Amino acid sequence: MSHSVFKNAKGQHVDSYYAATVGEVADYPRLQADIEAEVCIIGGGFAGISAAIELAEQGHDVVLLEGVRVGWAASGRNGGQIIGGWRDSYDDLEAKFGYDTAKTFADMSNEGKQIIYDRAEKYKINADIKKGYLLAAMCKSHVNYMHDYIAEAEKWGGAEHYRLISQQDVKNYIDSNSYIGALDNQSNGHLHPLKLAVGEAKAAADLGVRIYEHSPVLDVQGGDEPVVTTAHGKVKAKQVIMTANCYLGKAAPKLEKKIMPAGTYVIATEPLAAERVAKLIPQGQAVCDMRHILDYYRITADNRLLFGGKTIYSGKDPKDIGKSMFKDMLKVFPQLADVKIDFAWGGHIDLSVNRMPHMGRYADNVYFVQGFSGFGVVATHIAGRVLAEKVMGNTQRYDIWNQIKHHTFPGGTLLRKPGYLLGSSFFYLRDMIDTMKG
Ligand SMILES: Cc1cc2nc3c(=O)[nH]c(=O)nc-3n(C[C@H](O)[C@H](O)[C@H](O)COP(=O)(O)OP(=O)(O)OC[C@H]3O[C@@H](n4cnc5c(N)ncnc54)[C@H](O)[C@@H]3O)c2cc1C
């Protein structure tokens, strides 16, 4: 992606429900000098801020460079769903890499969630956190997968949080005819992601992290003393961590080929009457269906339905995001036809070929993580911790993560889009066939 995204942003968060309700947000200066730091982090999303807190808590000297505002990209725009697990099942990871790797990933997923819950408490961040999550089945193959998930949790841990909801019962949890069952997971949940991002950034700044906003990085040179260049200043560091989603572009060309940006979109309704909310999702869980191109939604702290979905690879947003998402919402909840949409926005996810997050070394003393593939609220938090461990000299979990091989997108940055357009039509068709089969 080109650096024009930063210019187009005009230095502000996108107009969203989150930006409108985030409350007080600290402003951080632009980098305007050549400075030094022990560790320089690129990217003020969850992954970068998480690494910064971990390092600063251990007394390290950290500079964090953000191209626009803290939480400007995916971390401040997402569906807010706190979801554990990884794209590869633990059994698959065990078959490929052995028991220890699979167990480490199972433990890291739980730890990622716990980092969010603990940090919010420790640093008094009110991010509207609510526990509870429903994975909703739309056809028989989804129900079969739910049984597989339970079997997996019985083997790898976490089964105590699961409860299967039958076809007869599911309407008591989600007032929609779209589903034939659900899996309740009480260890997952949902939150206001921009409140969490700015709250965590403030915690990092209070710990001594020097945060610079409006400072897009143009170049990164590895070496004994890596140098990170912005338009108005440079950072000379001992180590660099890159956590910039799909926006690094020419600043790190080798990384661009390993991910594919895709658009996903969210609307927020006007606040709904309490009785209406109590009928829609009585227990207030976050909901995600099980299709490849899925709907994800939840009730916010002020009683709006926040409804997300679509995955668009063409780089072109829907002409009218609000209208298009409203149509999708009515397929699930036709009873909301009279409801007004107050906010509509979108953001980019960074898909990796195998949909596992990609962590590794870019150059001497320069490390990165990217490719959260649309499921990054939890994974970024643990990834930030693991990268912090790496730069502090504890490489154990980094080495385990680094074993996962990541391929380049076929066709490189030029042809990956046509290839993936075909791919998305395939997933769309598969979803349709699965749901038609019932
Ligand atoms: C609409 C949407 C809905 C989603 N819903 C969910 C969900 O419900 N649950 C879930 O688990 N995941 C969800 N995701 C995915 C999740 O939000 C991301 O995986 C996660 O936030 C990624 O965090 P990050 O820190 O890696 O990247 P980001 O949050 O994208 O942060 C990267 C930061 O780096 C900065 N940056 C980039 N390039 C440069 C540069 N050259 N110089 C300086 N700064 C730079 C950017 O400005 C940005 O602030 C969603 C994503 C989107 C877009």
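Counting 0.36 nm for each residue step from Tyr145 to Gln335 and taking away their Cα separation leaves a gain of 65.5 nm.
Short-range pairs are left out: with C-alpha atoms under 8 Å and at least six residues apart, the relative contact order of the range 256-309 is 42 percent. Ordering Tyr90, Tyr99 by accessible surface, largest first, gives Tyr99, Tyr90; the 1.4 Å probe counts only protein heavy atoms, with every chain in place. For Leu294, the residues whose amide H sits under 5 Å from its own are Lys310, ignoring neighbours fewer than 5 places away on the same chain, with H placed 1.01 Å from N. Phi-derived couplings, Karplus 6.51 cos²θ - 1.76 cosθ + 1.60 at θ = phi - 60°, listed residue by residue for the range 335-340: 5, 9, 4, 8, 8, 8 Hz, with x used for Gly and Pro.
Between Asp61 and Arg87, the C-beta separation translates, for a Förster distance of 30 Å, into a calculated FRET efficiency of about 0.25. In order along the range 118-135, the phi-based Karplus estimate (6.51 cos²θ - 1.76 cosθ + 1.60, θ = phi - 60°) of 3J(HN,Hα) comes to 5, 5, 4, 6, 4, 9, 6, 9, 8, 10, 6, 6, 9, 7, x, 7, 10, 9 Hz; Gly and Pro are listed as x. Model label sites at His292 and Ala159, defined 7 Å from Cα along the beta-carbon direction, differ in position by 3.1 nm. The heavy atoms of Cys246 offer some 10 square angstrom of accessible surface to a 1.4 angstrom probe.
Do you know the relative contact order of the range 116-224, to the nearest whole percent, from alpha carbon pairs under 8 angstrom that are 6+ apart? Worked out over the range 116-224, it gives 38 percent. Sparse packing (at most 10 other Cβ atoms within 10 Å of the Cβ) combined with a DSSP loop state is found for the following trypsin sites (Lys or Arg not before Pro) in the range 1-108: Lys10. The length gained on full extension between Lys250 and Asp206, counted as 0.36 nm times the residue separation minus their Cα-Cα distance, comes to 12.6 nm. With the simple spin-label model, which puts each label point 7 Å out from Cα in the Cβ direction, the Ser166 to Arg361 separation comes to 5.6 nm.
Amide H contacts of Ser215 (H built 1.01 Å from N, in plane; Pro and chain starts excluded): Glu66, Gly67, Val68 sit under 5 Å, all sequence-distant by 5 or more or on other chains.
Estimated purely from DSSP H runs of n ≥ 4, each contributing -39500 (n - 2.57), the mean residue ellipticity at 222 nm for the chain is -11000 deg cm²/dmol once divided by its residues. Straightening the chain between Glu36 and Ala274 buys 80.4 nm, computed as 0.36 nm per residue apart minus the Cα-Cα spacing. Phi angles of the range 75-82 translate, via the Karplus equation with coefficients 6.51, -1.76, 1.60 and θ = phi - 60°, into HN-Hα couplings of 5, x, 10, 6, x, x, 7, 8 Hz per residue; Gly and Pro are given as x.
The values are calculated or read from the model by the stated rules, or taken from the named source; none is laboratory data. If you're wondering where the values come from, they're calculated on a predicted model, not measured in any experiment. Note that each Cβ is placed from the backbone with ideal geometry, even for glycine, and that neighbours are counted across all protein chains shown. Ligands, DNA and RNA are stripped out before the accessible areas are found, and what is left, the full protein with its side chains, is counted by its heavy atoms. Shrake-Rupley method; radii C 1.70, N 1.55, O 1.52, S 1.80 Å.
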